[in-house]
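Read the structure below first, then the notes.
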Amino acid sequence: MERAVSGLVTPGRPSGKVAGLSDREFVRLDVEDSIAHVTLDRPPVNALSIGLYRDIASAFGEIDERTDEIHAAILTGAGRAFCAGRDLKVAGTEDPDERAKWVKAALGSIYHCAVPVVGAVNGAAVGAGLVAAISCDILVASENAFFVMPEIDAGGNPSIAALLRGLNQFQARSLAFLGERHTAEDFYRMGIVRAVLPPEELLPEARRLAGILAAKDPLTLRMAKWSANEVEALFSNFEQAYRAIESRVSAVTMKTEASRAAARDFADKRGPLAKRQY
């Protein structure tokens, strides 16, 4: 049973090593007291490029290979942001198919991590950064954190499938279609965030929760995590929904001139939505 759980390969999750364990440029992985600390570190706001996606998949791939010593994980961001979403400054220069491959690999590696992941949201969680956060098993957030899905305003297709992990249909559609900013307190009231904390208390609380997890029987905990994901897939297979529908819509919309123009305007803070706060 242990081999079946630890060796499980699911869609969206890379099999085996994604990259060398020492060549990550934008993600730090530190292990202490059976807890892996994964820190996104691509200044200034941890915006997502192919390189950062690749490093996320690599870090969580390493965790999966070290479950003999790693029993829980924490995901957070360096600096003032958790993850500011798609880096519009470089997205236009990246191959869209290559990018799509690493988007699925990175976000899948968080969700399918063999051990439970505590997300410590220290600041902005925008677009795919929001999806990265809700791919974790337990979320805590700083008072400085906020959540927003501005994909439509930037010419992209928001992932309703991923949002439905923690929101109902009305909440998800409101968040995705309006693109409004939500505070950590908003997400606490929605039941997504477990606690909202002063910035200096965020990581200590994440470590406390991860410590509780790490103290449990490792195999039983990994089996519980695997089982939870399998049960969730029976009721709402958001990964299949993304692959079959949303990724295809994104592939079409993001190739239109209107979408490219919206992305440029969003990045440069121009156009009819230039004064909107995200």
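Every number here is computed from the coordinates shown, using simple stated rules; none is lab data. Bear in mind the structure is a predicted one, so any value in this text is a computation, not a measurement. Heads up, the Cβs are rebuilt from the backbone with ideal geometry, glycines too, and the neighbour counts pull from every protein chain shown.
How charged is the neighbourhood of A184? Take every other residue with its Cβ under 12 Å from the Cβ of A184, and add Lys/Arg as +1 and Asp/Glu as -1.
For residues surrounding A184, the net value is 0.
Which far-off residues, 5 or more places away or on another chain, put their amide H under 5 Å from the one on L139, with H placed in the peptide plane?
When sequence neighbours closer than 5 places are left aside, the close amide H contacts are G119, R194.
Run the numbers for M190 and R173: contour at 0.36 nm per residue of separation, minus the present Cα-Cα distance, in nm.
Full extension of this stretch gives 4.7 nm more.
Using modelled backbone amide H atoms (1.01 Å from N, in-plane), which distant-in-sequence or interchain residues come within less than 5 Å of H37's amide H?
Answer set, sorted by chain and number: D30, V31, E32, I74.
Where does the charge balance sit around G77 when Lys and Arg score +1, Asp and Glu -1, over other residues with C-beta under 11 Å from its C-beta?
+2
Averaged over every viewing direction, what's the projected area of the C-alpha convex hull for segment 121-236? Give it in nm², one decimal, please.
7.4 nm²
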